[in-house]
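Since every read-out is calculated from the coordinates, none of them should be taken as a lab result. In this text, all values refer to a predicted model and were calculated from it rather than measured experimentally. Because the Cβ atoms are built from the backbone with ideal geometry, glycine has one as well, and the counts that use them run over all protein chains shown.
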Amino acid sequence: MRARNIKPGFFKNEELAKIPFEARLLFIGLWCLADREGRLENRPERIKAEVFPYDRVNIAKLLDVITSREMILHYTANSNQYIQIVNFKKHQTPHPHESKSAFPPCFGHVTLNPDVRNPDVRNPSTLATPGPSLPDFQKVWGL
């Protein structure tokens, strides 16, 4: 786990107050598990062991709650499942000597619509370098 910062406003954030306190605590725990780009493997059992080792909580359900609030994105790359924390770099300043991300970026692999309220997330260039473009649907199907 890594050391991260929690801004005082976190505790009075009205949007965060709408989710259970366990989900809020998990969200903070995800920051500590994430690499410098806000990415981590989507491994609920391992996440539970790291964040809630002594508690009976359903990590999959809590991740669903956080996902439904568009605070994290789930994606698959190279047959592995990952989580991208939305706005991670907006709120966290990783240590300059922290290792570079070993996980592929989520651009092109997102399975949830990004938070459209944040222009940084709507701009794919802020997430990662675009991968190869997909073929045009109409051309492929001869339409």
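Bridgeable lysines around Lys18 (alpha carbons under 24 Å apart, same-chain partners fewer than 8 residues away excluded): Lys7, Lys48, Lys61, Lys89, Lys90. Ordering of 42-49, 7-14 by packing is 42-49, 7-14, highest average first (other Cβ atoms within 10 Å, averaged per residue). Taking 7 Å steps out from each Cα toward its Cβ at Ile28 and Glu15 produces label points 1.9 nm apart. The phi torsions of segment 64-78, fed into the Karplus equation with coefficients 6.51, -1.76 and 1.60 and a -60° offset, translate into couplings of 4, 4, 5, 5, 5, 8, 6, 8, 9, 10, 9, 8, 10, 8, 6 Hz, rounded to whole numbers, with Gly and Pro shown as x.
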